[in-house]
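Engineer: Input: one structure, supplied below.
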Amino acid sequence: MKANVILDNYSHTHAAYSGLPLTEEHEIDTELICSIILGLHSGKAPDAAGLTSEHLFQSHPSLPVVLCKLFKLIMKCKYVPVGFRRSCIVPIPKIKDCRVKSMSCDDFRGTAISPIISKVFG
C-alpha cells in the first residue's frame, strides 16, 4: 500500500517537473552567445552537417542574434531539438603503431562528434 502511494507521488511530481526556475542569472543574450562562440576550439572535426567552429567565427554578425532567439524559444518551449541530442562516436586507436599487433576493443577510445550549435547551447 505504501509503495503505491510513493509511486503515485513520484509519477505526479515527475509529470509536473520542468526544471529549475529561470532567473536573471540564467538569461540568454547575444553577448553570452558571442563569448561562447569565441571560446570554441578551432581545428576540430566537422559535425554531421559539415559545420565547424570556424564557420561560426566567420559568420555574419547577426548569427548570435538568431541563435539567441532560437535558444530562448527552446527554453520557453522546454523542448530540445532532436538534432541537438545526436552525436557520432568515432573510435580512435590508443596505441601509436596499430600495424604491429592485432587490436581489440580495449585498444580504442571513443570520441563523440556533436553538432556545433548544440555545443553553443550547452
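Engineer: For the stretch 51-80, how many residues meet the condition of being modelled with pLDDT of 90 or more, under 18 Å from the mean Cα position of the chain (by Cα) and part of a loop (DSSP other than H, G, I, E, B)?
Structural biologist: Within the stretch 51-80, residues that are modelled with pLDDT of 90 or more, under 18 Å from the mean Cα position of the chain (by Cα) and part of a loop (DSSP other than H, G, I, E, B) number 2.
Engineer: Okay, next question. Could you please find all residues in the stretch 22-80 being in contact (Cβ under 8 Å) with a residue 60 or more places away in the chain, out of contact with any helix residue (DSSP H, G or I) (no Cβ under 7 Å at 6 or more places or on another chain) and of a type in the set (D, E, K, R)?
Structural biologist: Once the filter is applied, which keeps residues that are in contact (Cβ under 8 Å) with a residue 60 or more places away in the chain, out of contact with any helix residue (DSSP H, G or I) (no Cβ under 7 Å at 6 or more places or on another chain) and of a type in the set (D, E, K, R), the stretch 22-80 yields only K78.
Engineer: Here is a check on your reading of the model: is K44 within 28 Å of Y17 (Cα to Cα) and either out of contact with any His (no Cβ under 7 Å at 6 or more places or on another chain) or surrounded by 13 or more Cβ atoms within 10 Å (Cβ to Cβ) (or both)? Explain how you work it out, then say what you get.
Structural biologist: Numbers: within 28 Å of Y17 (Cα to Cα): no; either out of contact with any His (no Cβ under 7 Å at 6 or more places or on another chain) or surrounded by 13 or more Cβ atoms within 10 Å (Cβ to Cβ) (or both): yes.
Here the answer is no, as K44 does not meet what is asked.
Engineer: Hey, another quick one. Just checking, which of F84, F57 is closer than 30 Å to F108 by Cα and aromatic (F, W, Y)?
Structural biologist: Numbers: F57 fails: closer than 30 Å to F108 by Cα.
From the options F84, F57, the qualifying one is F84.
Engineer: Whether any residue in the stretch 96-115 is in contact (Cβ under 8 Å) with a residue 40 or more places away in the chain and not in a strand (DSSP E or B) is what I want to check.
Structural biologist: Yes; the residues of the stretch 96-115 include at least one that is in contact (Cβ under 8 Å) with a residue 40 or more places away in the chain and not in a strand (DSSP E or B).
Engineer: Now, a different point. Does any residue of the stretch 9-19 turn out to be modelled with pLDDT of 80 or more and either among the aliphatic types (A, V, I, L, M) or touching a Phe, Trp or Tyr at 6+ places or on another chain (Cβ under 7 Å) (or both)?
Structural biologist: For the stretch 9-19, residues modelled with pLDDT of 80 or more and either among the aliphatic types (A, V, I, L, M) or touching a Phe, Trp or Tyr at 6+ places or on another chain (Cβ under 7 Å) (or both): absent.
Engineer: Kindly indicate whether any position in the stretch 85-95 is without any contact (Cβ under 8 Å) to a residue 12 or more places away in the chain, farther than 19 Å from I36 by Cβ and hydrophobic (A, V, I, L, M, F, W, C).
Structural biologist: Checked against the condition, which is being without any contact (Cβ under 8 Å) to a residue 12 or more places away in the chain, farther than 19 Å from I36 by Cβ and hydrophobic (A, V, I, L, M, F, W, C), the stretch 85-95 yields no hits at all.
Engineer: Continuing with the same structure: Among the numbered criteria (1) modelled with pLDDT of 85 or more; (2) surrounded by 11 or more Cβ atoms within 10 Å (Cβ to Cβ); (3) in a loop (DSSP other than H, G, I, E, B), which single criterion is violated by V120?
Structural biologist: (3)
The values are calculated or read from the model by the stated rules, or taken from the named source; none is laboratory data. These figures come from a predicted structure and were not determined experimentally. Neighbour counts are summed over all protein chains in view; Cβ atoms, including those assigned to glycine, are modelled from backbone coordinates with ideal geometry.
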